[in-house]
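Read the structure below first, then the notes.
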Amino acid sequence: MTYEVPEDRRYVATHEWVEDRDGIVRIGITDFAQDELGDIVFVELPQVDDELEAEEAFGVIESIKAVSDLYAPVGGTVTDVNETVMDQPELVNEDPFGDGWMIEIEPTAADAVDELLSAAEYEDQLE
Amino acid sequence: MIYDQARWRRTEEPVYEPLSAEKAERTVDLDDRDVPLPDELTRDEVTLPRLSEPELARHYTRLSQMTYGVDSGPYPLGSCTMKYNPKFTEDVAADPAGLIHPHRGDETTQGTLELCGRLQDYLARIGGMDAVTLQPPAGAAGEFTGIRIAANYHDHRGESHRDEVIVPDTAHGTNFASAALAGYDVIELPSGDDGRIDLSALEAATSDRTAALMLTNPNTLGLFERDIETIAATVHDAGGLLYYDGANLNALLGRARPGDMGFDIMHYNVHKTFATPHGGGGPGAGPVGVTEDLQPFLPTPHIRETGDGFETYEPAQSIGKVHGFCGNWLVLIKAFAYIARLGDPGLADTSAKAVLNANYLGSQLDMEIPHEPYHHEFVASAGDKDAAEVAKAMLDHGVHPPTTKWPDIVREALMTEPTESENRDTLDQLARAFNTVAAGDEDDFADAPRRTSARRIDQVAAARDVRLSWHDVEFE
Amino acid sequence: MAHETDGSPFTPHAPEETAAMLEAVGVQTEDELFDIPDAVAFDDSFGIDQRTEREIREECAELFGRNDELIEFLGRGHYGHYIPSVVDDVAGRSEFLTSYTQYQPEIAQGFLQALFEYQSMFVELTGLPVVNCSSYDAAAALGEAATMATRLRGVDGDRVLVPEAMVPGRRSVLENYLAGTDVSIEAYPFADGTVDVDGLRDQVDADTLFVYLENPTVYGTIEPAVVEVCELADDHDALATLGTDPVAMGLLAEPASQGVDVVIGDAASLGLPTSHGMGLGLFATRDTFLRQVPGRLVGATTDDDGRRAYTLTLQTREQHIRRERATSNICTNQAWVGLRTAMHLTWLGADGLVDLASECVELAAELAARLDEIEGVTAPVYEAHHFREFVARTDASAKSVADALVGAGYAVHVLDDDHLQMCVTELTADAIDGLVKAFEEATA
């Protein structure tokens, strides 16, 4: 089975992706992660203005048989939360890199994203 | 074997047996009634189903037909010990003379207290324990009681700094949750390659922070922890206590006792080992046994024999209460009756046949069973197939499937416990069901089950759109 | 008769069958299958005699016969009502009794539907949309409610306030549930048998996590200040939890409309006879707390044929998935008792429930009035409406009165030197005359 790993973003070993959008980073889970979990039925996310440390658990994602914490790849302040995905958790399965995004953060350290895994490095890890 | 479960369905509406309220409802407006309380204290109205007794009897009879029990067929749900529940125990428990109020004085309830006293004594002998409380209403409640006893024991010795409970990765989820509920940090112990406790990992995990190790023996793979003496010494040397999860005691009746293995505290699952019916999820009972040193910490009231009868008393350092009254009394009566019916020879025969049945069934399966030698249960691997899908396919063969996908150290686990009450023919039928499904094409399983009261149920929709009462359902 | 063996009457193996199975496994004896080191093997006997079914029935009947035959005017948290035969008969069907947790919903639709109906009827009675199925008893449900409060967003603090007078045993169980947290439990005062609202107002503050109250109270009084107590809790972001009873809810104001966040109680006062305290923990709460609810939940969904069907849902809250982060450690619960309670409620229907609840008010008032006529007796002590039970004061020693009543065949509660408590239901209504007469003699 092959999984989609877009090259326009960075990754972490806990299967979150990070997309730099002009200084604000958007965070979601990877295609591999949604497939492992199966049908997502519930997503719990933080509130705007919450402060997150890098590697801190910021939310929870559930299928009917499994629960997984969501980890912040970089530290910062939450600037936006995808309310749609809380109402329609199936979006995470259908479009993990697009409409199924989770939160946006203004990172504390501007270059924090550069230190994360590249698409190629993450893909190696999946094998 | 093929089993077509009763399937009542309305051809004109997309329902099976309608809900009771869907058949007929009635609302009573309290303003229309001459009620003996002023308005400000009363509700406005009550709405409940309106079913005559004949309709009620038929409704629930149909629901029973749409439910599969041990009396329907084999039920090898691993770690749940779904054995035959002797009928006479129901009659014993229903005796009105035993149905007393918990607030009566000891002098007027000597019969009940003596039965409790005898059951405590039986359980203590079977487990090799010095004292037993009957109060915990289920196995998990027993675990919580046991860990609270351990906590109070450590506090009493000035060792309140002990804040960790060690639990093997193959343990029941309740162990983790009970220890956490009691305020402990849970240290998960990875199993060794052989599926047993890894002694060096245990050595590394124990310290002066260890309050207890919770252990199931035989473990959930059915393996006896052969190093139990070393395990006990490791935990005791670190100042911790050893807790026995009694879920798998059926394998050991008359063969080995937790007390002799060095366990300090244990619970008994009477709805497993002692054949009280599982009742669709409960009630069970989870009596807890302890060594002499821990007896003063037992919940209150405890029951003891005096010179001229039985009495309730509060143990000196009691943890207090773990049930509002005395526990699940009707269940405890049934356990007493069952143990008395078996006696020494029956108890020993129970473990012998439970272990024989598991081994015979295992020997007939075309599936890998990675961990041996197992006792009353084994964990087979569904290999490349999804264990949950295998279970759905098995439903069409007149058997209840095993416990699936747990413990996760076995790939696509099928945890199977046939119990002692099945005969060879039934075990052969069970093996055929396993093997037919194992040989089948998983693509065909998507359509299973076909013969049960309902077809494959959409659990994802149930979790996304949560509807917990008929108020959230459109009536037909 | 069932074949007699030297072993268990419930192992169906004929000797030749055992031999064939041993051969198939590749061993000579069952003993070889046990991988138990000699050092911990048990080779003694328990000294438990095997008896026949008939002997055990006689033995237990003889034991229970040693309980004094008393008419019980007892309550304080455990109540018996008349159980119709249809409940015993149909709930006793073996598919219900001998099944277990509905991990495979397709083969367990009937039980799931019965539990869904149980949840639905208590949604109706409490007005709260989430009811689990089930907790062990009222005390455990209270403990679960308090631990739930510690996990909730928007509810904070570290003080749990409970009435100074509450159903005995419940507080102790609550203390055990909270022993693993840094939350403290404090009692707030009663005045004249119900909540002292001013006293509570002085105690509740920003650090208050949880306020517990009961209606009816442990004294049987109907609490007039439920709304005020809930407002006090709400003002301080504390969870308001009400302990009540399924019969009482047939008459008393709907908890949700009074501002209650969680309802707990012993629902087995319908469904089970008096059974030495065995119960059924009712747990109902608001939608907001759905993900933090302890215990099992049955939800409606559909099956592959597009028909309505039922399944356990939101299981990720539970210990078998979430382990040490589960919302509770509960696994085996009181499902079969819930089935019985659902059947009993359905049998009563709305009219029957209102009638029974009214009878519980009327009978308590009648017995209190009759006792109050006796010289040296005041009943009820508290100026309030009562449900099922009430407190009486006696000039004579309460203990000596109670002992004399036992001598005459009646059991009542002794509260202290000069207070007794009595509970009366339709089951004891016919014994009121006798109790009053015995009371007259005991206090003369």
Shape call, region C:262-339: gyration tensor on alpha carbons, a/c limit 1.5 | oblate
Cα gyration tensor of chain B, axes a ≥ b ≥ c as square roots of the eigenvalues: rounded (a/c below 1.5), prolate (a/b > b/c) or oblate?
-> oblate
Could you tell me which of the pairs A:K65/B:K392; B:K87/B:K272; B:K272/B:K353; B:K321/B:K405; B:K272/B:K392; B:K23/B:K83 are separated by over 26 angstrom between their Cα atoms in the structure shown?
-> B:K321/B:K405; B:K23/B:K83
Using only the Cα atoms of region A:34-127, what do you get for the radius of gyration and for Dmax, in Å?
-> 13.7, 38
How would C:T181, B:T42 rank on accessible area, largest to smallest, probe 1.4 Å?
-> C:T181, B:T42
Rounded to 5, the percent of DSSP beta bridges in region C:85-343 classed as antiparallel | 45
In nm, what is the difference between 0.36 nm times the number of residues separating B:T436 and B:E53 and their Cα-Cα distance?
-> 133.5 nm
With every protein chain in place, the accessible area of C:H413 for a 1.4 Å probe, in Å² rounded to the nearest 10, comes to 10
Whole number please: convex hull volume per residue, Cα atoms of the protein assembly as shown, in Å³.
-> 170
Once B:E22, A:E123, B:E314 are ranked on solvent-accessible area with the largest value leading and a 1.4 Å probe, the list reads B:E314, A:E123, B:E22
With all protein chains in place and a 1.4 Å probe, A:K65 shows an accessible area in Å² (nearest 10) of 120
Where in chain B are the DSSP H helices whose C-alpha atoms run 27 Å or more along the long axis and whose mean Kyte hydropathy is at least -1.0?
-> B:329-363
If amide H atoms are built 1.01 Å from N in the plane of the peptide, which residues on other chains or at least 5 residues away come under 5 Å of the amide H of B:E368?
-> B:S381
Percent antiparallel among DSSP beta bridges with both residues in chain B, to the nearest 5?
-> 60
Cα-based helix-to-principal-axis angle, C:15-25 vs chain C, degrees rounded to 10 | 80
Degrees, to the nearest 10: C:335-372 long Cα axis against longest axis of chain C | 30
Under a point-charge model restricted to the Cβ atoms of Lys and Arg (+1) and Asp and Glu (-1), what is the dipole moment magnitude of chain B relative to its Cα centre, in debye to the nearest 20?
-> 1000
At R0 = 25 Å the Cβ-Cβ FRET efficiency linking A:E51 and C:D156, nearest 0.05, sits at 0.85
Could you state the angle between the C-alpha long axis of helix C:53-65 and the longest principal axis of the C-alpha atoms of chain C, as a value from 0 to 90 degrees rounded to the nearest 10?
-> 20
When a/c is below 1.5 the answer is rounded, else prolate if a/b is larger than b/c, else oblate, so apply that to region B:1-128 with a ≥ b ≥ c taken from the square roots of the Cα gyration tensor eigenvalues.
-> oblate
Straight-line reach check, C:K437, cutoff 26 Å on alpha carbons, 8 or more apart in-chain or any other chain, hits among lysines -> C:K399
At a Förster distance of 22 Å, what's the computed FRET efficiency of B:K23 paired with C:S85, Cβ-Cβ distance as r, to 0.05?
-> 0.55
Dipole moment magnitude, nearest 20 debye, region B:27-182 about Cα centre, only Lys, Arg, Asp, Glu C-beta charged = 860
Along region C:424-433, what does the Karplus equation 6.51 cos²θ - 1.76 cosθ + 1.60 (θ = phi - 60°) give for ³J(HN,Hα), rounded to whole Hz, x for Gly and Pro?
-> 9, 10, 4, 6, 10, 4, 5, 9, 4, 4
Solvent exposure, largest accessible area first (probe 1.4 Å, DNA, RNA and ligands not counted), of B:D193, B:D227 = B:D193, B:D227
Solution diffusion estimate, µm²/s, Stokes-Einstein, region C:15-65, Kirkwood Rh from C-alpha pairs, 10 °C, viscosity 1.306 mPa s | 107
antiparallel share of DSSP beta bridges within the protein assembly as shown, to nearest 5, in %, is 70
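The values are calculated or read from the model by the stated rules, or taken from the named source; none is laboratory data. Worth saying up front: this structure is predicted, and the values here are computed from it rather than measured. No Cβ is skipped: glycine too gets one built from the backbone with ideal geometry, and neighbour counts run over all protein chains shown. Note: areas computed on protein heavy atoms with side chains; ligands, DNA, RNA excluded. Shrake-Rupley method; radii C 1.70, N 1.55, O 1.52, S 1.80 Å.
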